[in-house]
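As structure tokens, the structure follows; a few thoughts come after it.
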Amino acid sequence: MARVSRLVALATAALLTVPLAACSSSPSAQQTGGSGSGADGWTTVTVEHAFGTTTIDAEPERVATVNWANHEVPLALGVVPVGMAAANFGDDDGDGVLPWVEEKLTELDAETPVLFDETDGIDFEAVADTRPDVILAAYSGLTREDYDTLSEIAPVVAYPKTAWGTPWREMIELNSKALGMAEEGDDLIADLEQDIEEAAAEHPRIEGRSAMFLTHVDTTDLSEVSFYTAHDTRAMFFDDLGMQTPESVASASAETDKFSLTRSAERADTFDDVDIIVTYGGDELVRSLEDDPLLSQMPAVENGSVVNLPSDDPLGTAANPTPLSISWVLDDYLALLDEAAGAAQ
């Protein structure tokens, strides 16, 4: 509780140090997170999530986001957050901003918001310093303690059911609702669905193919294999692209709410129903799979139907679909899947 009280004190102190002229001015909705409806037109919003219900009584003018990609929702709707998590995966130039986010900021003629370093977890003091009116985290891995601490700063929108398991549509729905922009969020979803449909139609070979996403493959020890379950957004994205979740992955997913599982390589024949494997790594990883006496028997490996995404590049990052990355990566990702589907024939 002492930590929470200190955070609140920090936020209050930050507010009091703002010049009076800044307090009395009315910043634009684009820069502050307002929906443009005006304070008199605001209707109280309630958002249900895994930790309860969050009520937002006034139109948010300062929007902060934590954890992965939540800032992409307000940005896609023309709202620039006051603070957001720095990218710590797939950041190609080390500036903490992924290329599709940088492109959107340029389009909005906006400066980069305050970047929260989440290398060691959420930086609560940095979040408090931005004096947010709402904190968006619909796609996140918040613990109950994280949620309670953040709630001392501002109303928090947490994930609906499972940590790191919020589909991109629901991420948009929850975060846009908290901004008073639910209709705009629905329009964004519809636009992205159209982009996906049109792009996937250019690659008919992948339609109906089954795919699984291997993760954390250790080329020095292939006695076990890990994969994302149907609860993970990377695996869910296959369905959006017209592909299928193999029964082997669906059955394993039905037994857990975890977003990844591990199996012994001796059970590799379990995945005989997998047409395409997607994973993070390079050519060395693929060669290791092909040389392994057990994993090489998997049809996808035997046929060369493996998409190996770079783990330190935006392309690999964008395989986890987010509001701004989907359209950015579609053509490249679908081309790789198409090539793998061709090898599976």
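The values are calculated or read from the model by the stated rules, or taken from the named source; none is laboratory data. The model shown is predicted, which means the values in this text are computed figures rather than measured ones. Quick reminder, even Gly has a Cβ in these numbers, built from the backbone with ideal geometry, and neighbours come from all protein chains shown.
Looking at region 248-259 only, could you name the residues that are outside any helix (DSSP H, G or I) and over 30 Å from residue 198 (Cα atoms)?
Correct list: 254, 255, 256, 257, 258.
If the requirement is being out of contact with any strand residue (DSSP E or B) (no Cβ under 6 Å at 6 or more places or on another chain), closer than 30 Å to residue 74 by Cα and either outside the structural domain of residue 209 (by the TED database) or of a type in the set (Gly, Ala, Ser) (or both), which of these qualifies: 327, 311? Give the derivation first.
Details: 311 fails: out of contact with any strand residue (DSSP E or B) (no Cβ under 6 Å at 6 or more places or on another chain).
Checking each option against the conditions leaves just 327.
Has region 227-247 got any residue that is over 30 Å from residue 194 (Cα atoms), surrounded by fewer than 20 Cβ atoms within 10 Å (Cβ to Cβ), in the same structural domain as residue 333 (by the TED database) and not acidic (Asp, Glu)?
no
Considering only region 269-278, I want to know if a residue exists there that is assigned to a helix (DSSP H, G or I), surrounded by 15 or more Cβ atoms within 10 Å (Cβ to Cβ) and outside the structural domain of residue 90 (by the TED database).
Checked region 269-278: at least one residue is assigned to a helix (DSSP H, G or I), surrounded by 15 or more Cβ atoms within 10 Å (Cβ to Cβ) and outside the structural domain of residue 90 (by the TED database).
In region 287-308, how many residues are outside any helix (DSSP H, G or I) and either in contact with a strand residue (DSSP E or B) (Cβ under 8 Å, 6 or more places away or on another chain) or within 17 Å of residue 212 (Cβ to Cβ) (or both)?
Of the residues in that region, 9 qualify.
Can you run down the residue pairs with Cβ atoms below 8 Å, 6 or more apart or on separate chains, where the first is in region 334-345 and under 19 Å from residue 240 (Cβ atoms) and the partner is of a type in the set (S, T, N, Q) and outside any helix (DSSP H, G or I)?
340/305; 341/305
Let's see how each residue does on (1) crowded, with 21+ Cβ neighbours inside 10 Å; (2) among the small types (Gly, Ala, Ser); (3) not in a helix (DSSP H, G or I):
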{"site": "115", "(1), (2), (3)": "no, no, yes"}
{"site": "138", "(1), (2), (3)": "yes, yes, yes"}
{"site": "171", "(1), (2), (3)": "yes, no, no"}
{"site": "180", "(1), (2), (3)": "yes, yes, yes"}
{"site": "196", "(1), (2), (3)": "no, no, no"}
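Taking the conditions exactly as written (polar (S, T, N, Q), at pLDDT 95 or above and outside the structural domain of residue 316 (by the TED database)), does residue 55 satisfy them or not?
Yes, satisfied.
Looking only at region 310-325, filter to residues that are among the aliphatic types (A, V, I, L, M) and either over 25 Å from residue 172 (Cα atoms) or in contact with an Asp or Glu (Cβ under 7 Å, 6 or more places away or on another chain) (or both); which one of those is surrounded by the most Cβ atoms within 10 Å (Cβ to Cβ)?
The qualifying residue surrounded by the most Cβ atoms within 10 Å (Cβ to Cβ) is 324.
Out of 223, 210, report the one residue that is in the same structural domain as residue 310 (by the TED database) and exposed (fewer than 13 other Cβ atoms within 10 Å of the Cβ).
223
Out of 103, 111, 173, which single residue is more than 19 Å from the chain's Cα centre (by Cα) and not aromatic (Phe, Trp, Tyr)?
Answer to the check: 111.
May I ask you to list the residues in region 37-91 that are surrounded by fewer than 21 Cβ atoms within 10 Å (Cβ to Cβ), of a type in the set (S, T, N, Q) and within 17 Å of residue 166 (Cβ to Cβ)?
Once the filter is applied, which keeps residues that are surrounded by fewer than 21 Cβ atoms within 10 Å (Cβ to Cβ), of a type in the set (S, T, N, Q) and within 17 Å of residue 166 (Cβ to Cβ), region 37-91 yields only 53.
With respect to residue 153, is the statement that it is in contact (Cβ under 8 Å) with a residue 60 or more places away in the chain, under 30 Å from residue 239 (Cβ atoms), surrounded by 17 or more Cβ atoms within 10 Å (Cβ to Cβ) and among the β-branched types (Val, Ile, Thr) true?
Details: in contact (Cβ under 8 Å) with a residue 60 or more places away in the chain: yes; under 30 Å from residue 239 (Cβ atoms): no; surrounded by 17 or more Cβ atoms within 10 Å (Cβ to Cβ): yes; among the β-branched types (Val, Ile, Thr): yes.
Criteria not met by residue 153.
Answer yes or no: is there a residue in region 254-263 that is surrounded by 12 or more Cβ atoms within 10 Å (Cβ to Cβ), within 19 Å of residue 287 (Cα to Cα), over 18 Å from the mean Cα position of the chain (by Cα) and modelled with pLDDT under 95.
No, because not a single residue in region 254-263 is surrounded by 12 or more Cβ atoms within 10 Å (Cβ to Cβ), within 19 Å of residue 287 (Cα to Cα), over 18 Å from the mean Cα position of the chain (by Cα) and modelled with pLDDT under 95.
If we scan region 279-298, do we find a residue that is of a type in the set (Asp, Glu), buried (at least 20 other Cβ atoms within 10 Å of the Cβ) and touching a residue at least 60 places away in the same chain (Cβ under 8 Å)?
Within region 279-298, not a single residue is of a type in the set (Asp, Glu), buried (at least 20 other Cβ atoms within 10 Å of the Cβ) and touching a residue at least 60 places away in the same chain (Cβ under 8 Å).
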